[in-house]
There are 2 protein chains.
Amino acid sequence: MKMTYTIVELRDYLKRHDIKPSTIRIKVLEYLLNNRIHPTADDIYQSLINDIPTLSKTSVYNTLELFMKKGVVNALSLKEKELRYDINTYFHGHFRCEICGNVYDFPVSEKIIAVEELKGFVIRNVDINVYGICKKCNEKIKNKEEK
Amino acid sequence: MKMTYTIVELRDYLKRHDIKPSTIRIKVLEYLLNNRIHPTADDIYQSLINDIPTLSKTSVYNTLELFMKKGVVNALSLKEKELRYDINTYFHGHFRCEICGNVYDFPVSEKIIAVEELKGFVIRNVDINVYGICKKCNEKIKNKEEK
DNA sequence: ATTTAATTTTGTATTAATTTCAATTTTATT
DNA sequence: AATAAAATTGAAATTAATACAAAATTAAAT
């Protein structure tokens, strides 16, 4: 894992979001900031269990729940069994490749929800989820066909 | 339930989608066409169990799985435990009210995914999911505050 | 510093939607 | 009617997520 953030930075990040910085919370935050792969709770757990041998899954869930409430992460519901978590809370879309399973970010205009039919509706959250085959996997398929 | 479709129409609808029209499939299709509430598998099961007392949940899941494969329905993943199913396969967005739980449709331009970052990507499906408070629930809240 | 209170973390048990799969039933074919 | 193919059932398994009480840690108060 890349070590891009100091403990002080991580603590401050949490404090700014009104979260008391415990060891677990700092580690989960560090993982999310350094691994922008839209991980599942289990991804995070598996990665941290080496560092914190006493870590429980419940703690990971608790932490993510708190992070969501405080606006640190967003949950992604991508037609999979497991939820994924995204530390990038800026407005953007997600593309999940049906072959490799990777999730890509892409920019979207917020204007798309400025429609007559939603006047009077209070909008809290917008998810743009696209499913298909990513560029890499598509090129692999093309190469095979050409041989 | 509104009776808007004849058996012949339902059978033809399935046949056109390359699905052999069994009783269960006709009933599930009829329910989906007449109840455009984005139902869960359980909603469908609970509604049909009166008509077909021997119906099993597995059959509902099997039918929905087949319908998805054949492009009759789309599954909605709205950050709930259960998946919902939508017989309207035209491009549109979904708004789920966090208070009443209702899911509303709204129009979206397909252009939103015409971005540079997705060039070379094969797009199979697009979900636009919006979360918040619907007009009705919002007006109720406003009225309470005014009293 | 020690006691007390508050918070966080853990671990086990539970929940519930979905899946698996073999057995049964129904439908279609010869 | 017999046989083959397809659809349906029901029970068991799976598994992500939740609930919650006990344990551990941290913070506050004396």
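The values are calculated or read from the model by the stated rules, or taken from the named source; none is laboratory data. Computed from a predicted structure; not experimentally measured. Cβ sites come from the backbone with ideal geometry, for glycine too, and all protein chains shown count toward neighbours. We work out accessible area using only protein heavy atoms, side chains counted, and drop any ligands, DNA or RNA first. Shrake-Rupley method; radii C 1.70, N 1.55, O 1.52, S 1.80 Å.
Output the antiparallel fraction of DSSP beta bridges having both residues in the range A:80-137, as a percent to the nearest 5.
Values: 4 of 8 bridges.
Just about 50 percent of them are antiparallel.
Which whole-number percentage describes the relative contact order of the range B:90-146, with Cα contacts under 8 Å and a sequence gap of 6 or more?
On the way: 53 pairs, mean separation 25.1, N = 57.
44 percent.
Can you send over the solvent-accessible area of A:I26, 1.4 Å probe, protein chains only, in Å² to the nearest 10?
So the heavy atoms of A:I26 present about 20 Å² to solvent.
For a Förster distance of 30 Å, can you work out the FRET efficiency between the beta-carbons of A:S47 and B:K111, rounded to the nearest 0.05?
Values: r = 38 Å, r/R0 = 1.28.
The formula returns an efficiency of 0.20 here.
For B:E65, what accessible surface area do you get with a 1.4 Å probe? Give it in Å², rounded to 10.
Per-residue accessible area (B:E65): approximately 110 Å².
In debye, nearest 20: dipole of chain B around its Cα centre with unit charges on the Cβ of K, R (+) and D, E (-)?
Numbers: 24 positive and 20 negative charges, 38 e Å.
Computed about the Cα centre, the dipole is about 180 debye.
Near B:N138, within a Cβ-to-Cβ distance under 12 Å, what is the net charge of the other residues, with Lys and Arg +1 and Asp and Glu -1?
+4
Relative contact order for chain B using alpha-carbon pairs under 8 Å, separation at least 6, rounded to a whole percent?
18 percent
Give me the extension gain from A:N125 to A:T4: residue separation times 0.36 nm, minus the current Cα-Cα distance, reported in nm with one decimal. If you can, show how the numbers build up before the last one.
On the way: separation 121, 0.36 × 121 = 43.56 nm, distance 2.92 nm.
Working it through step by step, the gained length comes to 40.6 nm.
Using the charge dipole of the protein assembly as shown (Lys, Arg: +1 at Cβ; Asp, Glu: -1 at Cβ; taken about the Cα centre), state which of B:A114, A:I26, A:G71 has its Cα farthest towards the positive end.
Toward the positive end, the furthest listed residue is A:I26.
At 1.4 Å probe size, with every protein chain present, just tell me what the per residue accessible area of chain A comes to in Å².
Details: 8560 Å² over 147 residues.
Ligands and nucleic acids excluded, the result is 58 Å² per residue.
Nothing charged except the Cβ atoms of Lys and Arg (+1) and of Asp and Glu (-1): what's the magnitude of the dipole of the range B:7-76 about its Cα centre? Round to the nearest 20 debye. The partial results should precede the final answer.
On the way: 10 positive and 8 negative charges, 51 e Å.
Dipole size: approximately 240 debye.
Would you mind checking the pairs B:K20/B:K57; A:K79/B:K136; A:K119/B:K140; B:K81/B:K135 and listing those with alpha carbons more than 21 angstrom apart?
Details: B:K20/B:K57 19 Å; A:K79/B:K136 28 Å; A:K119/B:K140 15 Å; B:K81/B:K135 24 Å.
Distance filter (> 21 Å) returns A:K79/B:K136; B:K81/B:K135.
Which number do you get for Rg(Cα) / (2.2 N^0.38 Å) in the protein assembly as shown? Don't skip to the end; give the middle numbers.
Numbers: Rg = 22.1 Å, N = 294, 2.2 N^0.38 = 19.1 Å.
The value comes to 1.16.
Taking only DSSP H segments of four or more residues, each worth -39500 (n - 2.57), what value at 222 nm results for chain B once the sum is divided by all its residues, to the nearest 500 deg cm²/dmol? Let's see the in-between values first.
Working: 5 runs with 55 residues, N = 147.
Using -39500 (n - 2.57) per qualifying helix, the result is -11500 deg cm²/dmol.
How big is the charge dipole of the protein assembly as shown about its Cα centre, in debye rounded to the nearest 20, if each Lys and Arg gets +1 on its Cβ and each Asp and Glu gets -1 on its Cβ?
100 debye
Can you figure out the FRET efficiency of A:E139 with A:D12, using R₀ = 35 Å and their beta-carbon distance, to the nearest 0.05?
Working: r = 42 Å, r/R0 = 1.20.
The value I calculate is 0.25.
Give me the one-decimal nm value for the distance between modelled label points at B:S56 and B:E80, 7 Å along each residue's Cα-to-Cβ direction.
It works out to 2.6 nm between the two label points.
What nm distance separates the two modelled labels at A:N102 and B:E146, each placed 7 Å from Cα along Cα→Cβ?
Modelled inter-label distance: 5.4 nm.
To the nearest 100 Å², how much accessible surface do chains A and B hide from each other in total, with a 1.4 Å probe?
3000 Å²
Could you tell me which chymotrypsin sites (Phe, Trp or Tyr not before Pro) in the range B:80-137 are loop residues by DSSP with no more than 14 other beta carbons within 10 angstrom of their beta carbon? Before the final figure, lay out each step's value.
Values: sites: B:Y85, B:Y90, B:F91, B:F95, B:Y104, B:F121, B:Y131; in loops: B:Y90, B:F91, B:F121.
Of the chymotrypsin sites (Phe, Trp or Tyr not before Pro), the ones in loops of the range B:80-137 whose Cβ has at most 14 other Cβ atoms within 10 Å are B:Y90, B:F91.
How big is the Rg/Rh ratio for the range A:6-91, C-alpha atoms only, Rh by Kirkwood, two decimals? Intermediate results must be reported in sequence, preceding the final value.
Numbers: Rg = 12.1 Å, Rh = 13.0 Å.
Dividing the radius of gyration by the Kirkwood radius yields 0.93.
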